[in-house]
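I have placed the structure first, in the form of structure tokens, so that the comments after it can refer back to it.
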């Protein structure tokens, strides 16, 4: 049984009756949580954040002010989404069909952004679905992500490209012989065929 308190929802927030909020969730002013969304235990939604229908957030996620998480996004545990981040969901965005008629929900198929455990998306970044952000990766502020991001990768720019590696603490890794070490935790990481994994925990 959870030891977390009941969800806390600001009076100006809008949470659909069909959404599920786990214990310890905090929803701040003017945030909106749509139907069938699931907000995991201990997660928080900042002022003006939007979580679309059916979006799933894991435990201890942090969605900052005015971030827009459109369906069908999936965020695993411990994901950080900075202020004013946007997750898109339409491959071919249009308001109308070729015949001039207004598009309805049946006229398009949504695609989503998947963010793996511990990853962080910097302020004002845009993630163009479908795309996957690997575990513990870091997307720099203002980046435009147009392709999958490997686990532990540090990406920046528009379009985003990899500029280094980060550890679980979020710091950029530094070379240590043939490997990489986190300057904050001492954890050692090794790159093999373009993929990084941790080989030694810090003290």
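Details
Let's see how each residue does on (1) surrounded by 20 or more Cβ atoms within 10 Å (Cβ to Cβ); (2) at pLDDT 95 or above:
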position: 37; (1), (2): yes, yes
position: 43; (1), (2): yes, yes
position: 54; (1), (2): no, yes
position: 61; (1), (2): yes, yes
position: 95; (1), (2): no, no
position: 108; (1), (2): no, no
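- For segment 2-12, the condition of being buried (at least 20 other Cβ atoms within 10 Å of the Cβ), closer than 15 Å to residue 61 by Cα and either in contact with a strand residue (DSSP E or B) (Cβ under 7 Å, 6 or more places away or on another chain) or not assigned by TED's automatic domain parsing to the domain that holds residue 72 (or both) holds for none of the residues.
- Count of segment 152-203 residues which are touching a residue at least 40 places away in the same chain (Cβ under 8 Å), outside any loop (DSSP other than H, G, I, E, B) and in the same structural domain as residue 120 (by TED's automatic domain parsing): 1
- Long-range neighbours under 8 Å by Cβ, at least six apart or interchain, first residue within 14 Å of residue 85 (Cα to Cα) within segment 43-70, second at pLDDT below 95 and part of a loop (DSSP other than H, G, I, E, B): 70/110
The values are calculated or read from the model by the stated rules, or taken from the named source; none is laboratory data. Note that the structure is a prediction, hence the values are computed from the model and not measured. Every residue, glycine among them, receives a Cβ derived from its backbone with ideal geometry; neighbour counts consider all protein chains shown.
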